[in-house]
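Engineer: Just dropping this structure here.
The values are calculated or read from the model by the stated rules, or taken from the named source; none is laboratory data. Being a predicted model, the structure only gives us computed values, none of them experimental. With ideal geometry, Cβ positions are generated from the backbone for all residues, glycine too; neighbour counts draw on all protein chains shown. Ligands, DNA and RNA are stripped out before the accessible areas are found, and what is left, the full protein with its side chains, is counted by its heavy atoms. Shrake-Rupley method; radii C 1.70, N 1.55, O 1.52, S 1.80 Å.
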Amino acid sequence: MSSQVSSSSSYSNVKPSVVDVIVVGAGFSGLYLLHKLRALGLRTRVFEAAGDVGGTWYWNRYPGARCDVESMQYSYSFSEELQQEWKWSERFSGQPEILEYAQHVAERFDLRRDIDFDTLVTVAHFDEGNGQWRVETNHGEHLTAQFVVMATGCLSSTQVPDFKGLDSYQGKTYHTGDWPHEGVDFTDQRVGIIGTGSSAIQAIPVIAEQAAHLTVFQRTPNYSIPTRNGPMTPDYEQSWKSDYAKFRADARQTRVGVLANLNDVSAMSVTEAERQRIFEERWEIGGTYFMAAFNDLPIDQASNDKAADFVRDKIRAIVDDPVNAELLAAKGYPIGTKRICVDSQYFETFNRDNVTLVDVSKAPIEALTPDGLVTGGQDYAFDAIVFATGFDAMTGTLLKIDIQGRGGRTLGDKWQAGPRTYLGLMVEGFPNMFMITGPGSPSVLSNMMVSIEQHVDWVTDGIEYLRNNNLDTMEPDRAAEDAWVTHVNDVAYETLYPQANSWYMGANIPGKPRLFLPYIGGVDAYRAKCDEVAAAGYEGFALQVVGQPEAVSAE
Ligand code: FAD
Ligand code: NAP
């Protein structure tokens, strides 16, 4: 248990074990939750496995880690003072600056005093007798709370493939999502990196500059767009700050929570020359805005093929070696259906003498050995191996906690065939347990800051509603949950996304049910649906008083 002493006047110097709300996680979701719950006068405790705030940006300290949403948009909007006073130094922020921002928020709103760091929540059981959650931590603390909010992150459980001989390797290993705080000096080292997803694509150019030799093991090539990062200019900053509230409001009404200047026509509705001109323009602007070049790239195969061809041609033009160029030119799945990557000099890096690309698509990595690894019958020796092998996304972190709802049913049992939620926010059978950016919400398909704020606002409004109406619990109806699960799936299959073996589909984890995890209907439509549900007295939810079996409506 933490020995931290609370300075809050509402607490004695021992933190209470009976509270209104327990929040798990102190990334951007947990921080904003604590701020809002405090404002409602609710006794709240936050538990965080890490040593400080920041979540993703605390853990992912690999070289080159950077945001793919512009700094002016990847930040909180809830405080006008905060958004006016904070100054970003670059167009796309690097991990250290985003972490500094999270730390600044924690300081500015005096949040740390209610957070226990280096503390894992291991157990959360719902007690039907009193409608309370019983929560345990890895330090043996037992707590009781009316509400539990899982702000545990979508990409917070690292995944290392179960390679044969993993433990036999004698060199150093690193995972991008759990990078040493002191950094890693690869000077003079032979380094191997496994994976070519977003994390690897950012790390490879930086590691290549330092290492004696870098060997990249690629199973599936990725589409990547140059970031074209640069310093923040005072004019650009001011163009946002002069009317920040309006721009934020506009972003909330887009599909992905980003003002990306969507070109609202089909790629097939313009001439070949015009299409190329527009793709070229977007390529020059850089970043994920490329996917907004036309309005049908995620849903129309012919349009998507044009965009994919364009990017493949760019890759072929950048990479000198034609064999490498062809290996790096992504194919076999539509562009954007695995998360589109952004990079700084990624493809150029393969023109360096000290970088080797090894294709493991046909001959997988067979085993790790004491010296390195073996694939295609060939041994590779390394001083260090970097796993850029991703995460057990969206469900992995939640399922690591022993969560039990009504009747002692575990979340793992409920989700055996894949996650089932209503609005990605709650699960039938698990009253008063909320998830921020849970499966079935737009979350990872959006600017996460926009999605996080929307979820936190909805959850805290819901809690306030219950309290104002003398209600104790809320829980989705089975029918509402079923309908939402069907809708999430239906919308996904209207797009090209299910064609890819992506983590969106759970395809990166052996044995994980294959279904589309986030909601792809758009943050705009999703927000409208959530607002509608709340305005209708939380339609689709049973609102109850403990001890009264009948669901009641407060209307
Ligand atoms: P997280 O930041 O993941 O925080 C969750 C916290 O919960 C973690 O600190 C974890 O330690 C803690 N936790 C989990 N389980 C427990 C437990 N049982 N007990 C105690 N603590 C627990 N999003 C974008 O919109 N744009 C981007 O460019 C972007 N880039 C990204 C780059 C990387 C490398 C990664 C991994 C993700 C990126 N994301 C991006 C997504 C990013 O996760 C979100 O933007 C956002 O930071 C999530 O905040 P969060 O608080 O919801 O979750
Ligand atoms: P990822 O996209 O899941 O990539 C993992 C990589 O490891 C893939 O190339 C995968 O190949 C490879 N891999 C996994 N197991 C392997 C095996 N056994 N053998 C060989 N290769 C293997 O993970 P990530 O790069 O960490 O990114 C995860 C998500 O975090 C991103 O999609 C994004 O949402 C977020 N992120 C964003 C940014 C950003 O730009 N802001 C940066 C980093 C991360 P396959 O494709 O063949 O499975």
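Engineer: For residue 387, which of the numbered conditions (1) modelled with pLDDT under 95; (2) within 16 Å of ligand 1 (Cβ to nearest atom); (3) not hydroxyl-bearing (Ser, Thr, Tyr) fails to hold?
Structural biologist: Going through the list (1) modelled with pLDDT under 95; (2) within 16 Å of ligand 1 (Cβ to nearest atom); (3) not hydroxyl-bearing (Ser, Thr, Tyr), residue 387 breaks only (1).
Engineer: Could you figure out which of (1) open to solvent by 20 Å² or more (accessible area, probe 1.4 Å); (2) among the hydrophobic types (A, V, I, L, M, F, W, C); (3) in contact with a strand residue (DSSP E or B) (Cβ under 8 Å, 6 or more places away or on another chain) isn't true of residue 86?
Structural biologist: Going through (1) open to solvent by 20 Å² or more (accessible area, probe 1.4 Å); (2) among the hydrophobic types (A, V, I, L, M, F, W, C); (3) in contact with a strand residue (DSSP E or B) (Cβ under 8 Å, 6 or more places away or on another chain) one by one, residue 86 breaks only (3).
Engineer: Just give me the residues in the range 383-434 being over 22 Å from residue 137 (Cβ atoms), in a helix (DSSP H, G or I) and among the polar types (S, T, N, Q), in sequence order.
Structural biologist: If the condition is that a residue be over 22 Å from residue 137 (Cβ atoms), in a helix (DSSP H, G or I) and among the polar types (S, T, N, Q), then no residue fits.
Engineer: If you don't mind, there's one more thing I want to ask. Quick check on the range 142-162: of everything there that is open to solvent by 30 Å² or more (accessible area, probe 1.4 Å) and more than 16 Å from ligand 1 (Cβ to nearest atom), which residue is farthest from residue 37 (Cα to Cα)?
Structural biologist: So, considering only residues that are open to solvent by 30 Å² or more (accessible area, probe 1.4 Å) and more than 16 Å from ligand 1 (Cβ to nearest atom), the one farthest from residue 37 (Cα to Cα) is 162.
Engineer: Looking at the range 462-494, which of its residues are touching a residue at least 12 places away in the same chain (Cβ under 8 Å), of a type in the set (S, T, N, Q) and within 17 Å of residue 519 (Cα to Cα)?
Structural biologist: Passing the criteria: only 489.
Results for (1) open to solvent by 60 Å² or more (accessible area, probe 1.4 Å); (2) β-branched (Val, Ile, Thr), shown as yes or no for each residue.
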| position | (1), (2) |
| --- | --- |
| 233 | yes, yes |
| 237 | no, no |
| 240 | no, no |
| 245 | yes, no |
| 249 | no, no |
| 253 | yes, no |
| 262 | yes, no |
| 267 | no, no |
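Engineer: If we keep just the residues of the range 337-347 that are within 15 Å of ligand 1 (Cβ to nearest atom) and out of contact with any strand residue (DSSP E or B) (no Cβ under 8 Å at 6 or more places or on another chain), which is least open to solvent (accessible area, probe 1.4 Å)?
Structural biologist: Per the stated criteria, the residue is 338.
Engineer: Which fully enclosed helices (runs of 4 or more DSSP H) of the range 27-98 have 3 or more residues being more than 16 Å from ligand 2 (Cβ to nearest atom)?
Structural biologist: Working: elements: 28-39, 56-59, 80-85.
Passing ranges, in order: 28-39, 80-85.
Engineer: I need every pair where a residue in the range 130-156 that is among the charged types (D, E, K, R) has its Cβ under 7 Å from the Cβ of a residue that is near ligand 1 (Cβ under 10 Å from one of its atoms), sequence separation at least 6 or different chains.
Structural biologist: From residues that are among the charged types (D, E, K, R), the pairs are 136/122; 136/123.
Engineer: Residue 271 fails exactly one of the following numbered conditions: (1) hydroxyl-bearing (Ser, Thr, Tyr); (2) under 30 Å from the mean Cα position of the chain (by Cα); (3) open to solvent by 30 Å² or more (accessible area, probe 1.4 Å). What is the number of that condition?
Structural biologist: (2)
Engineer: Which residues, counting only those in the range 397-414, are open to solvent by less than 30 Å² (accessible area, probe 1.4 Å) and within 16 Å of residue 431 (Cα to Cα)?
Structural biologist: Passing the criteria: 398, 403, 405, 411, 414.
Engineer: When you check residue 480 against the structure, is it touching a Phe, Trp or Tyr at 6+ places or on another chain (Cβ under 6 Å), outside any loop (DSSP other than H, G, I, E, B) and either outside the structural domain of residue 292 (by TED's automatic domain parsing) or at pLDDT below 95 (or both), yes or no?
Structural biologist: On the way: touching a Phe, Trp or Tyr at 6+ places or on another chain (Cβ under 6 Å): yes; outside any loop (DSSP other than H, G, I, E, B): yes; either outside the structural domain of residue 292 (by TED's automatic domain parsing) or at pLDDT below 95 (or both): yes.
Taking the combined requirement at face value, the residue satisfies it.
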